[in-house]
Structure formats: C-alpha cells, structure tokens
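These notes are about the structure you will find just below.
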Amino acid sequence: PSFQPTHPLALAPVTSPPHTVDGFVKEFLAELNTNAGVTLSRSTVNDQYLSLARTVRHYLSARWLENTRKARETKAKMVGYLSAEFLLGRQLGNALLASDLEEIAEQALAACGIDIATLRAQEVEPGLGNGGLGRLAACFIDSLATMGVPCIGYGIRYEYGIFRQTFVDGRQVEQPDSWLTLGSPWEFPHPEHAVQVDFGGHTETYVDADGTSRSRWIPAWNVLGMPYNYMVPGYQNGQVNTLRLWSAQATQAFDLPTFNSGDYADAVRAQTFAENITKVLYPEDSTPQGKELRLQQQYFFVACSIRDFLDRFILDGDVTTLPERVIFQLNDTHPVIAVPELMRVLVDIEKLDWDEAWAITQKCFAYTCHTLLPEALEVWSTELLGRLLPRHLEIIYRINDEFLAEVRAAYPNDELRARQMSIIGEYPERAVRMAYLATVAGSKVNGVAELHSQLLRDKVLHDFSEYWPEKFTNVTNGVTPRRFIRLANPGLSELITETLGTGWLTDLERLEELEPYAEDAGFRDSFVAIKEANKAKLYRLLQARDGVVLPEHHLLDVMVKRLHEYKRQSLKLLHIVSTYEQIITGKVAADEVTPRTFVFGAKAAPGYRIAKETIHLINSVAQVVNSDPLVKDVLKVVFPANYNVTLAETLIPAADLSEQISLAGKEASGTGNMKLALNGALTIGTDDGANVEIRKLVGDEHFFLFGLTEPEVAELQAKGYHAHEYYESNPQLKATLDLIASGHFSGGDRGLFEPLVSNLLYDDRFMALADFESYLDAQAKVDASYVDQDAWARSAVLNVARSGFFSSDRSMRDYIDRIWHTHPLR
Ligand code: F58
Ligand code: PLP
C-alpha cells in the first residue's frame with residue numbers, strides 16, 4: 001500500500017519491444033552496449049550470444065509477468081511438477097521459435113554483420129538430467145505452456161550437470177560440465193525469495209496451549225535455497241510458465257574472524273559444505289546410490305518448493321485450500337520426501353490436526369513411476385533418514401502405522417500381506433521404500449506406457465493395485481514436436497506445413513492426414529531428399545566435431561540412449577560383429593551386404609563397470625571395422641562422444657533405423673523411440689515399453705519386431721536361463737563371441753574383453769543371447785527392405801503419419817483429464 005507509483009508508464013502493463021527487424025536491432029545493440037558493456041565492433045561471439053539471449057528474453061518477459069500475475073489472481077489450480085532433473089537442451093532456438101522471432105532475429109543479426117548460426121552454436125546446453133526421465137520433464141513443461149495450463153516446474157540448479165563424456169583410447173573419461181562458466185542468460189536469480197532449509201538434530205514432544213501433545217523438530221544445521229527462475233514459453237501463444245530451480249548456499253557466507261586469522265580454508269568450510277548440496281547432478285541412470293548427499297539434494301529442493309508455493313500462492317494463509325490450488329506431480333521417487341515435508345508443515349507449523357493434514361496431502365500429490373528394475377526402486381535407510389530428517393522419519397512411521405492398520409482391517413489374518421505392503425522394509429536393512437510411500441500418499445499412480453503400467457499393477461505394486469484399483473492409471477509418454485520436429489527437422493516441418501497447412505505442431509494427430517501422401521511418389525521423393533540433407537548435415541557435424549568421414553547412401557542405423565545392460569547395446573554389437581565376421585571369413589560376400597553406418601550415442605554411469613567396458617568394446621570394434629579394407633564400403637561404426645540433447649537434435653532426423661532392443665519387460669517406455677519414429681526412422685524393436693504402442697499404430701509391416709515377449713521372458717527365467725546353451729547351439733553366435741574373445745578387437749589381448757564375454761556367457765541377466773537369433777533374422781529383413789528404397793520411404797512416411805499420438809501435448813491432456821483436473825488459463 002505504501003508503494004504507489006504515479007507515472008503513467010509505471011501504471012501501464014509491461015509491453016514487449018516491437019516485433020520488427022529495427023526493433024530487434026535496437027534491443028540487441030542496447031543489450032550489447034549496456035549489459036555486456038562492449039561495442040558491436042569489439043564484441044566477441046560470447047558477448048553477442050549473451051546479448052541475443054537477453055534480447056529474446058525481453059520479448060518474452062512481458063507475457064511472463066502477466067501470466068504469473070493472472071495465475072496468482074485467478075487462483076487457478078496449478079501443476080507443481082517436482083523433478084530432480086530437467087534436461088532442457090539449448091534454450092535459444094526454442095525461445096526464438098516460441099516468440100515467433102526466428103526470421104526477425106536472423107535478419108536483424110545479419111544486418112549487424114552476424115551469422116545467427118554461429119551464436120546458436122555458442123550456447124552450452126544445461127544438462128540438468130541423466131536421460132529419459134529428465135528430458136521427459138522438459139517436454140512436459142513445454143507442452144503445458146503451449147496448452148496454456150499454469151505450471152511451475154520445481155527442481156535443482158546443479159552447478160555441474162551431467163558429465164561431459166570424452167574417449168581416451170576408446171575408454172570413457174568424464175569431465176565436469178561447467179555450463180555456467182560463460183554466463184547464463186536465461187536465468188533470473190531471486191535472492192530475496194531465498195528459503196531456509198533445516199537438517200539434522202532431534203525431535204522433542206511438548207504440550208501446546210490447548211493441552212495437545214505435539215512433536216517438534218530441533219534441527220542442527222541449515223542452508224539457504226536460492227531460487228533461479230527460467231521462462232518456459234508456450235509455442236506462439238503468449239503463455240510463459242516458470243521453471244524454478246534451487247541452488248544451495250550457506251546461511252552465513254563465511255567466518256570473518258577465522259578468515260582474518262589466516263585460516264582461509266576453515267573460514268569457508270560452512271559455505272563449501274552448503275554449496276556441495278547442489279554442486280553436481282548424480283550421474284546414475286539406474287541404481288540409486290545410497291548417498292547422503294543425494295538425500296540432502298532431494299529434501300533440499302522439495303522443502304524449498306513447498307515453502308515457496310505456500311508463500312507465493314496461498315496469500316491468505318489458508319492452507320486448507322491447497323488442493324484447489326496445486327497438484328504436485330512426483331517425477332519418480334526422487335521428490336517423495338515432499339510427502340512427509342508437507343505433513344510436517346501442515347501439522348507442526350500450521351497446527352492442523354493429523355487427519356485433516358493427511359486428507360490435504362493425499363489430494364496434493366500424484367506419483368509417476370519410471371522403472372521396472374527392482375534395483376532402481378529407491379530406498380533410504382532409517383538410520384540415514386533419522387539422522388538427517390528425524391521429524392520426517394517419525395511422520396513416515398505414523399503414516400505407515402495408520403496405513404498398515406487399514407490393510408490389516410481389510411485383510412484380517414494376512415500378516416504376510418501387511419509386511420509386504422509396509423512402507424518400511426526390514427531387509428537387508430531397515431529402510432523406507434519411497435515408491436510405497438508415494439503410492440500410499442498419492443491420489444494417483446501412473447506408469448509411462450501401457451505395458452509398463454500393466455506390469456506395475458501386476459508385479460511391482462501388485463498388492464497396492466489390488467487394494468486401490470482406481471488409484472492406478474497409465475499415461476503413455478510423449479515428446480514435444482516443437483523441439484524434436486520443428487526445430488530439429490526444419491526440412492520435414494516445411495514439407496508437412498506445405499502439405500497440411502499450419503496447426504499440426506499443436507495438434508500432432510493431424511499428421512495422420514499425411515497418410516495418403518505415402519502413396520504419392522512426388523511426396524516420397526521430397527521426403528527422401530530431406531532425409532539425405534539431414535544425413536549430410538549430421539556428417540558435416542561429425543566431421544567437424546569428431547573428425548570422422550562417413551559414406552553417403554548407407555542405411556543409417558542409430559542406437560542412442562544411456563548405456564545400460566537392459567537396453568542391450570551389447571546385442572547391437574553382436575549384430576555388427578556377426579556381420580563383420582561373416583564377411584572376413586568369406587561366408588558372405590561384402591557386395592551382398594546392405595551398406596550400413598552404425599551410430600552409437602551413450603553415456604555410462606561413472607561407476608558402472610560393465611557399461612564402461614561395453615563402451616570400450618564398441619570403440620574397439622569401430623576402430624578395427626573402420627580400418628579393415630574388406631568391409632570398407634559396407635560397414636562403418638561411429639560413436640560420437642557426449643550424446644546429449646543438442647547432438648540428438650541433429651542425429652535423430654538423419655536416422656533410417658531406430659534401435660529399441662531392450663529385453664521385454666525392462667524399458668518402462670522409452671522416448672527416443674518416439675522421436676525417431678516421428679522423424680521417419682523405422683524401428684527394429686522388442687515388444688517392450690512404448691514400442692508396443694508404436695508398432696500397434698504404425699503397423700506390423702512398418703516395424704521390425706523381434707525377441708521374447710515379457711511373459712516368455714518370465715517363463716524362461718522361471719524355468720532357468722542358461723545363456724551358454726545358446727552359444728553352444730548357434731554356430732554364428734559362437735563365431736561372433738569367439739571373435740571378440742580371440743583378441744581380434746584388442747590387438748590380440750584375450751583378457752581385455754574377457755569379463756564382457758563371460759558376463760554374456762554365464763550371467764546375461766538381460767538375455768541378449770536368447771534374442772540373438774531372432775534379432776539377426778529381423779536385421780536380415782531390414783537389409784532386404786532397404787534395398788527397395790521406395791518401399792522404405794513409404795514405410796518411413798507412414799511412421800511419421802501414424803505417430804502423432806506421441807506428442808507430449810497428448811500426454812499432458814491425459815494427465816489433466818485423469819490425474820490433475822486443471823484447466824488452461826485462458
Ligand atoms: C526412464 N528412466 C525410463 N531414469 O528408463 C524410460 O523407459 C522412460 O521412457 C523415461 O524414464 C521417461 O519416463 C530414467 O531416465 C533415470 O534417469 C533415473 C535418474 C536418477 C537415478 C535413477 C534413474
Ligand atoms: N538421453 C538423451 C540426451 C535424450 O534426448 C533422450 C530422449 O530422447 C534419452 C536419453 C532417452 O532415450 P531412450 O528413451 O532411448 O532411453
């Protein structure tokens with residue numbers, strides 16, 4: 001009230017600069033001169049990139065401020081997307097597209113003598129995620145903004161994102177990802193909204209003024225959470241949502257007397273300790289490591305986020321209205337500590353009684369599970385939880401006691417069931433099962449593809465789905481067509497727009513209107529020409545980046561994803577080595593082979609030995625195959641280092657064949673599979689994850705299916721799986737493994753890849769050998785099909801036309817209808 005501006009400009013709504021070349025030039029130069037503090041003639045590429053980014057920000061920020069105000073004032077129900085990872089990819093291209101400034105910016109910069117492509121290449125992508133799960137979060141917030149649904153993404157501003165992968169002698173070496181070093185023009189720090197987060201200490205009981213016995217937390221230490229806001233612009237709709245990422249800082253910067261006494265290290269100890277919490281993204285993509293710091297990260301960001309939401313959106317302090325204002329979506333178990341945190345806030349701070357608080361909490365959360373691997377289900381030992389978050393552990397115990405009382409009442413005399421469903425596991429140590437906590441607390445639980453959701457219901461969370469059948473639902477993943485078609489594949493986008501008109505980018509099911517054009521030779525020719533141009537662009541990039549020269553007119557066979565045994569890069573490798581072996585031994589003539597270039601992209605978790613050895617073997621095979629004159633014209637293997645979103649954007653549009661070859665029942669969904677199909681690659685894949693839905697939509701004749709089905713896998717497992725029997729009974733498999741074991745790819749060193757070979761022969765947890773024969777048969781069909789280029793193009797067009805379902809806009813509609821019950825702002 002004391003703040004009453006009078007100037008008319010101060011009273012008017014914030015406006016964007018004019019959408020003209022002149023307007024853009026003016027803003028850009030002003031940024032360069034006043035913010036970067038340089039003249040155009042003296043500016044570096046980085047100055048220019050930063051100024052361009054800030055210029056685009058100006059255009060977006062008016063709408064952003066307006067949307068934030070509206071969401072607050074209309075009290076619209078918001079989605080609070082809680083995710084430890086947001087793998088955003090580069091921001092500039094998307095911001096230009098969203099604000100419809102691509103052409104204006106290009107012309108404006110050209111008029112300043114600058115090639116915008118050089119500035120685009122200057123951006124370092126924020127790699128704040130490991131892979132599919134983090135990238136999914138980025139697609140979802142893009143879709144919500146595009147659909148005008150108010151959402152705030154909450155996560156962690158890691159100072160170092162996913163490591164930068166390099167290869168030294170074929171082995172993966174991890175380098176820190178210093179994405180912030182050259183400046184971070186997309187973020188808005190808000191130190192005034194910093195939140196204190198407590199840790200450690202103990203709890204005590206006391207009797208409050210009403211005579212009620214209560215518990216309270218006496219923490220031992222704390223840190224500050226600094227929020228950094230990022231704009232999440234919708235596609236040309238004027239909607240801009242917010243992503244709020246938290247960075248940890250010490251409550252007290254440093255100890256001045258200690259510093260003055262000359263003990264510099266000790267003076268900043270507290271600061272270093274606090275900042276470590278958000279220092280680096282955990283590069284594990286499979287098994288969660290029992291790391292204390294990781295639990296600190298998880299609690300840190302959700303505690304900040306819940307406090308922040310209450311302070312900013314529940315302005316009248318009536319926390320009982322929370323379920324009308326927000327639904328917090330738990331992106332896997334990493335943010336699940338938010339459940340006891342909200343309970344703590346409601347009971348200990350807001351003084352609600354337990355039952356009322358629990359009823360509110362249950363309405364405010366929903367949980368998405370992203371895995372089927374038992375070892376990836378997160379648990380926290382009660383010892384660690386009790387030490388770091390003693391009050392939260394108490395709350396979890398009470399939630400569990402009340403839940404188990406319900407279970408016992410529903411299933412009298414079934415103590416085994418109660419023990420199975422307990423949120424607290426007892427073996428191998430007493431630990432909190434975070435997926436169970438999320439399931440008990442969440443209003444809904446969803447898997448990420450039909451098969452995955454089914455397996456969740458039938459296996460991973462079987463007892464829960466029996467108890468609460470209506471709680472379980474499926475939302476098949478999706479990907480944003482703005483980034484992965486329009487930005488990544490401008491050629492294809494133009495062809496689609498020429499054919500269908502505009503509108504398809506926000507209504508991707510309209511791609512089905514392309515179906516008749518699969519029969520149109522002219523359309524197919526254009527499609528093939530675009531694919532060729534995309535390949536040429538990729539090859540130019542790989543030559544510049546990695547110094548590799550690739551042949552034209554090969555089938556481009558692509559396997560890009562994190563390196564994991566269940567994803568079975570080793571099976572892909574067996575196919576390559578088998579083909580190579582058949583040529584060098586004269587079983588097959590080189591000129592009978594369909595020429596192929598195999599591309600791998602994959603990071604291995606730094607502590608995952610077998611995955612790292614697999615990378616070494618891929619690089620070793622590549623070296624031998626690529627320099628063998630016998631196969632020179634028909635086989636090439638390339639493994640560009642550091643697969644990330646930026647590389648994906650060039651690689652995916654160039655692909656002919658998409659490798660989705662996980663053991664059935666292990667890949668929850670996959671999203672790379674969707675991106676590749678939408679860009680006209682045909683899939684060779686197992687009946688796993690979203691492959692099942694891709695195949696159903698594109699049709700059997702346009703998909704190369706192979707391998708055991710999930711029930712067959714379960715049956716074989718139950719019967720007893722002996723990998724070496726496949727080796728002994730299949731001569732080609734034997735020849736292939738023997739060639740690797742012979743030292744052929746390791747300069748004669750038989751020991752080097754022995755652990756990998758043994759792992760396949762005697763362990764093979766993911767049944768690569770069982771699927772080998774079927775995989776090779778399917779690959780033979782690929783070879784035969786690719787010979788008829790025109791038929792292949794027809795299938796590729798149909799893959800595009802029939803994959804519109806996989807837009808993340810559709811996923812968002814499913815979440816909205818079935819889980820969130822929120823609405824667009826306008
Ligand atoms: C992935 N999970 C699934 N986890 O594996 C994939 O099938 C699915 O398409 C995708 O989620 C999106 O739903 C995944 O990427 C991680 O990276 C976690 C990071 C933190 C540690 C545990 C794995
Ligand atoms: N890594 C990156 C960089 C990605 O962009 C994606 C998604 O396309 C993934 C990993 C996930 O790949 P997949 O679904 O094949 O596991």
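The values are calculated or read from the model by the stated rules, or taken from the named source; none is laboratory data. A quick note: this is a predicted structure, and the numbers were derived from the prediction, not measured. Note: ideal-geometry Cβ built from the backbone for every residue, glycine included; neighbour counts use all protein chains shown. Calculation scope for accessible area: heavy atoms of the full protein, side chains included, ligands and nucleic acids excluded. Shrake-Rupley method; radii C 1.70, N 1.55, O 1.52, S 1.80 Å.
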Test set (1) in contact with a Gly (Cβ under 8 Å, 6 or more places away or on another chain); (2) surrounded by fewer than 20 Cβ atoms within 10 Å (Cβ to Cβ) - A431 fails condition number: (2)
Evaluation of I819 against (1) in contact (Cβ under 8 Å) with a residue 40 or more places away in the chain; (2) farther than 30 Å from R72 by Cα (one fails), failing number: (2)
Tally of residues being within 16 Å of ligand 2 (Cβ to nearest atom) and either part of a loop (DSSP other than H, G, I, E, B) or in contact with a helix residue (DSSP H, G or I) (Cβ under 7 Å, 6 or more places away or on another chain) (or both) across the stretch 78-127: 15
Close pairs (8 angstrom Cβ cut-off, 6 or more residues apart or separate chains): β-branched (V, I, T) in the stretch 12-34, in a helix (DSSP H, G or I) and modelled with pLDDT under 95 anywhere: V14/S61; V14/A62; V14/L65; V14/E66; T15/A62
Residue satisfying condition, being of a type outside the set (G, A, S), touching a Lys or Arg at 6+ places or on another chain (Cβ under 9 Å), more than 16 Å from ligand 1 (Cβ to nearest atom) and not assigned by TED's automatic domain parsing to the domain that holds F328, within set E31, E106: E31
Test set (1) under 28 Å from the mean Cα position of the chain (by Cα); (2) among the basic types (K, R); (3) surrounded by 20 or more Cβ atoms within 10 Å (Cβ to Cβ) - R524 fails condition number: (1)
Among residues of the stretch 99-112, those that are open to solvent by 70 Å² or more (accessible area, probe 1.4 Å) and free of Cβ contacts under 8 Å to residues at least 40 places away in the same chain, counted: 2
First in the stretch 659-675 and in the same structural domain as F772 (by TED's automatic domain parsing) and of a type in the set (K, R), second anywhere and at pLDDT 95 or above and within 9 Å of ligand 2 (Cβ to nearest atom), Cβ under 7 Å, 6 or more apart: K675/V479; K675/F484; K675/I652
Boolean, F188 is within 16 Å of ligand 2 (Cβ to nearest atom), closer than 30 Å to Y815 by Cβ and not small (G, A, S): no
Candidates K75, K26, filtered to the one that is away from ligand 2 (no atom under 16 Å from the Cβ), open to solvent by 20 Å² or more (accessible area, probe 1.4 Å) and not in a helix (DSSP H, G or I): K75
Any hit, the stretch 331-338, residues being in contact (Cβ under 8 Å) with a residue 60 or more places away in the chain, within 16 Å of ligand 2 (Cβ to nearest atom), part of a strand (DSSP E or B) and in contact with a His (Cβ under 9 Å, 6 or more places away or on another chain): yes
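Please verify whether T146 is touching a residue at least 60 places away in the same chain (Cβ under 8 Å), over 30 Å from Y815 (Cα atoms) and touching a Phe, Trp or Tyr at 6+ places or on another chain (Cβ under 8 Å), treating the condition exactly as stated.
Criteria not met by T146.
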Residue match in the stretch 53-61 (condition: within 29 Å of Y643 (Cβ to Cβ) and aliphatic (A, V, I, L, M)): yes
Pair list, Cβ under 6 Å, 6 or more apart: the stretch 116-134 residue open to solvent by less than 20 Å² (accessible area, probe 1.4 Å), other residue more than 16 Å from ligand 2 (Cβ to nearest atom) and among the polar types (S, T, N, Q): L119/Q48
Residue that is touching a Lys or Arg at 6+ places or on another chain (Cβ under 7 Å), in contact (Cβ under 8 Å) with a residue 24 or more places away in the chain and among the charged types (D, E, K, R), where the choices are R794, R765, R802, R810: R794
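Every residue, every condition in (1) of a type outside the set (D, E, K, R); (2) surrounded by fewer than 20 Cβ atoms within 10 Å (Cβ to Cβ); (3) under 23 Å from F167 (Cβ atoms), yes or no:
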site: D520; (1), (2), (3): no, yes, no
site: K531; (1), (2), (3): no, no, no
site: D546; (1), (2), (3): no, yes, yes
site: E552; (1), (2), (3): no, yes, no
site: D557; (1), (2), (3): no, no, yes
site: L574; (1), (2), (3): yes, no, yes
Any hit, the stretch 690-713, residues being closer than 30 Å to A648 by Cβ, more than 16 Å from ligand 1 (Cβ to nearest atom), among the aliphatic types (A, V, I, L, M) and open to solvent by 60 Å² or more (accessible area, probe 1.4 Å): yes
Test: residue in the stretch 285-293 that is closer than 18 Å to L388 by Cβ, open to solvent by less than 30 Å² (accessible area, probe 1.4 Å) and within 16 Å of ligand 1 (Cβ to nearest atom): no
Of all residues in the stretch 359-400 being aromatic (F, W, Y) and open to solvent by less than 10 Å² (accessible area, probe 1.4 Å), the one that is farthest from ligand 1 (Cβ to nearest atom): F365
Test: E406 is open to solvent by 10 Å² or more (accessible area, probe 1.4 Å), touching a residue at least 24 places away in the same chain (Cβ under 8 Å) and over 28 Å from F806 (Cβ atoms): no
When residues of the stretch 714-747 are limited to those that are in contact (Cβ under 8 Å) with a residue 24 or more places away in the chain and hydroxyl-bearing (S, T, Y), the one least open to solvent (accessible area, probe 1.4 Å): T736
T166 more than 16 Å from ligand 1 (Cβ to nearest atom), within 18 Å of T822 (Cα to Cα) and either polar (S, T, N, Q) or outside the structural domain of L281 (by TED's automatic domain parsing) (or both): no
Number of the exception - P516 against (1) over 30 Å from S758 (Cβ atoms); (2) in a helix (DSSP H, G or I); (3) under 29 Å from the mean Cα position of the chain (by Cα): (3)
Members of the stretch 446-476 that are more than 19 Å from V407 (Cβ to Cβ), open to solvent by 10 Å² or more (accessible area, probe 1.4 Å) and not in a helix (DSSP H, G or I): T473, N474
The listed residue being β-branched (V, I, T), more than 22 Å from the chain's Cα centre (by Cα) and at pLDDT 95 or above, out of V475, V445, V479, V432: V432
Test: S443 is part of a loop (DSSP other than H, G, I, E, B) and polar (S, T, N, Q): yes
